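K.L.:
Please find one structure pasted underneath; my questions will follow.
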Amino acid sequence: MQDKTLSELSSGLQSGDFSSVELTRHYLDRIKQFDADLNSYITVTEKLALQEAEEADRRRQTGESSPLLGIPIAHKDIFCSEGVRTSCGSRMLDNFIAPYDATVVEKLKAAGVVMLGKTNLDEFAMGSSNETSWYGPVKNPWDTQRVPGGSSGGSAAAVAAGLCAAATGTDTGGSIRQPAALCNLTGLKPTYGRVSRWGMIAYASSLDQGGPLARCAEDVAMLLQAMAGFDERDSTSAEQAVPDYLATLNNDLDGVKIGIPKEYFGDGLNPEVKQAIQQALSEYTRLGAETVEISLPNTGLAVSTYYVLAPAEASANLSRYDGVRYGYRCEHPVDLEDLYKRTRGEGFGAEVKRRIMIGTYVLSAGYYDAYYLKAQRIRHLIADDFNKAFEQVDVIAGPVNPTTAFKLGEKTDDPVQMYLGDVYTLPINLAGLPAIAHPAGFDSNGLPIGMQLIGNYWSEPTLLNLVHRYQQQTDWHWRSPDSGQN
Amino acid sequence: MSLDSEEVRKIAHLARLAVSDDEVNGYVDDLSSILGLVEKMNAADVEGISPMAHPLNMSQRLRSDVVIESNQVEQLLANAPASEKQLFLVPKVIE
């Protein structure tokens, strides 16, 4: 059952082949059987899930048949889920029971999904390998000695191993796309402002965006349909109408221009990954698209710019964790300063503290102009590169990660090594554009290779259309890892 | 750009993060390394380029000044490490 698309599952539920309760039990059993090896879930909400499944079956009896009704999914543990622990992968929130549902959770609940649990992630979404979680690293189902990518590594591993039908994630610098690519999934980072950030624990407010991870573009489209939309409660939410993402999935690709940035296919890219992407591009041209060489000249500045802006915003967002109103508190604080310092010193992990400190430094008196303000101006240059490119092309193609999944512990000694791996995904967040990662083949070790398509603002329909058509001609996305398969 | 341990302690204080004597050197190395990466920005020519704070160039949306929240005191106190009489308890602040 875990190899079916969401619409196949929906049909099965509608024709009574199985009930939502049976489907939910199926996934709960698989979690019990396989997740000890993967560590993809932080909290499994078994009782709640079965209650929600019963409710979905009941709703179906009364004649309701919405596409996501009764479908079991998982939420990245960064989305507040009422009455359920929301840890953000951190000791700081290990004891935090969210008093409300995030908009994303609320909207998917209204669409009728069943929540199986909360998935593991890099602490406070800071990481590219899911190795910084307080709850331990997540393993890649394709090779459990390797990382699944991050920060939405738990969501990716769970979907890839068939421990949920689909999952939500967030992407600030690549955190949906990188794990999707390393785990053979399709993952979309929507245009900034497309999906509400209300109830989504903040890392970098001008970069964060929630989005879906699933086995194929059609599934991603179904989830996005439910997740997207203006939300009054999020002051950065865009008042932009939500199109019917499924209606245009099968459009012809004739005349679609795909830009190939020369800066993305240089030395830093693994040759097997490069080859797979080039083959995928041939497939796209066979489908009617046309490739155009372009340049994104400021690509080389993206990593440094991001690692000034994101930590700066994080240092502000994480200042709320003070041991006073919720979350971790150190023992026997002697005064207020001790309370703050030891709560935060003990509650946060090393990577989070590094980023808070970098952020604090670049915002501090005397350094603000040279670092933070300058980074914001470079951000403008990077966004302008894309704007210029979109005058010539409809979408831009590129790699997601420089290599396939690396081994656990391989990059944890040197933070900068880890950061450099984000070069292809960061610029997109800086510009606020939508981008979709999808499977494009496997390397000689049998590890998944992903690629991404980057679109202009609000062009999610185009991105989903392109990938859907590609996935009708290829079957990479249907392969499953041996581990976690029955 | 290299930081020294004095600066690391200053930053840690601003960020209200406890950093032990053992940990300081680790942070000196890591933060200096990250700032080294960031140095690449120095070469960029940003003459005449305005800062971009927001991808969509939005300005803060306003709403009517009416109360829309309901009283959820008990719910919100439920996560408090220490509370009494609907107040959050902290170590003494004023002498």
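Values in this text are rule-based calculations from the coordinates and carry no lab data. Keep in mind that this is a model prediction, so the values were computed, not measured. Every residue, glycine among them, receives a Cβ derived from its backbone with ideal geometry; neighbour counts consider all protein chains shown.
K.L.:
Tell me the label-point distance for the pair B:S5, B:L87, using the 7 Å Cα-to-Cβ offset, in nm and rounded to one decimal.
P.N.:
4.2
K.L.:
Taking a ≥ b ≥ c as the square roots of the Cα gyration tensor eigenvalues, with a/c under 1.5 meaning rounded and otherwise prolate when a/b beats b/c, else oblate, which class fits the protein assembly as shown?
P.N.:
It comes out oblate by the Cα gyration axes.
K.L.:
Using only the Cα atoms of segment A:410-470, build the gyration tensor, take square roots of its eigenvalues as a ≥ b ≥ c, and label the shape rounded, prolate or oblate: rounded if a/c is under 1.5, else prolate if a/b is larger than b/c, else oblate.
P.N.:
oblate
K.L.:
Evaluate peptide A:345-358: per residue, the Cβ atoms of other protein chains within 10 Å of its Cβ; return the mean as an integer.
P.N.:
4
K.L.:
Further question: For A:G117, list long-range residues whose amide hydrogen, built 1.01 Å from N in the peptide plane, is under 5 Å from its own amide hydrogen.
P.N.:
A:T45, A:H75
K.L.:
Then there is this: Can you figure out the FRET efficiency of B:E95 with A:K262, using R₀ = 45 Å and their beta-carbon distance, to the nearest 0.05?
P.N.:
For R0 = 45 Å, the calculated efficiency reads 0.10.
K.L.:
Just order A:429-440, A:133-144, A:469-480 by mean Cβ neighbour count inside 10 Å, highest at the front, would you?
P.N.:
A:429-440, A:133-144, A:469-480
K.L.:
For segment A:127-249, what size does the Cα cloud have along each of its three principal axes, sorted from largest down, in whole Å?
P.N.:
Taking the Cα atoms of segment A:127-249, the three principal extents are 44, 31, 19 Å.
K.L.:
Over the Cα atoms of segment A:378-445, compute the convex hull volume and normalise it per residue, giving Å³.
P.N.:
In segment A:378-445, the Cα hull volume divided by residue count equals 108 Å³.
K.L.:
In the protein assembly as shown, if the dipole is taken from +1 on Lys/Arg beta carbons and -1 on Asp/Glu beta carbons about the Cα centre, which of A:A167, A:F390, B:Q72 is farthest to the positive end?
P.N.:
Among A:A167, A:F390, B:Q72, the one farthest towards the positive end of the dipole of the protein assembly as shown is B:Q72.
K.L.:
In what order do A:R58, A:R329, A:R85 fall by count of nearby beta-carbon atoms within 10 Å, going from fewest to most?
P.N.:
Listed from fewest to most nearby Cβ atoms, that is A:R58, A:R85, A:R329.
K.L.:
Tell me, how many Å apart are the Cα centres for segment A:100-136 and for segment A:369-390?
P.N.:
First find each Cα centre; the distance between them is then 30 Å.
K.L.:
At 222 nm, what helix-only mean residue ellipticity would chain A give, in deg cm²/dmol to the nearest 500, using -39500 (n - 2.57) for each DSSP H run of four or more?
P.N.:
-11500 deg cm²/dmol
K.L.:
Taking the highest mean first, how do the peptides A:403-410, A:265-272 order by number of other beta carbon atoms within 10 angstrom per residue?
P.N.:
In descending order of packing, they fall as A:403-410, A:265-272.
K.L.:
Also: So what is the relative contact order for chain A, in percent, with contacts set as C-alpha pairs under 8 Å and at least six apart?
P.N.:
With pairs under 8 Å counted, the relative contact order is 18 percent.
K.L.:
Could you tell me which helices of chain A pass both thresholds, a Cα extent of 24 Å or more along their own axis and a mean Kyte-Doolittle hydropathy of at least -1.0, with helices taken as whole DSSP H runs?
P.N.:
Counting only whole DSSP H runs, the qualifying helices are A:20-38, A:374-392.
K.L.:
Sticking with this one: Which of the peptides A:211-220, A:24-33, A:60-69, A:96-105 is most tightly packed, and how do the rest follow, judged by the mean count of other Cβ atoms within 10 Å per residue?
P.N.:
The densest-packed peptide leads the list: A:211-220, A:96-105, A:24-33, A:60-69.
K.L.:
From the backbone phi of segment A:421-426, what are the Karplus-calculated ³J(HN,Hα) couplings (6.51 cos²θ - 1.76 cosθ + 1.60, θ = phi - 60°) in whole Hz, Gly and Pro given as x?
P.N.:
x, 8, 4, 8, 9, 4
K.L.:
Output ³J(HN,Hα) for segment B:53-70: one whole-Hz value per residue in order, computed from phi by the Karplus curve 6.51 cos²θ - 1.76 cosθ + 1.60 with θ = phi - 60°, and x for Gly and Pro.
P.N.:
My calculation for segment B:53-70 gives 8, 9, x, 9, 6, 7, 10, 4, 6, 10, 10, 5, 7, 10, 6, 10, 7, 9 Hz in order.
K.L.:
Amide H to amide H, which residues 5 or more places from A:I294 or on other chains are under 5 Å from it, using H placed in the peptide plane?
P.N.:
A:I260, A:K262
K.L.:
How tilted is helix B:5-14 with respect to the longest principal axis of chain B? Cα atoms for both, answer in degrees (0 to 90, nearest 10).
P.N.:
Value to nearest ten degrees: 30.
K.L.:
Just grab the label-to-label distance for A:Q33 and A:S11, each label 7 Å out from Cα along the Cβ direction, in nm (one decimal).
P.N.:
2.4
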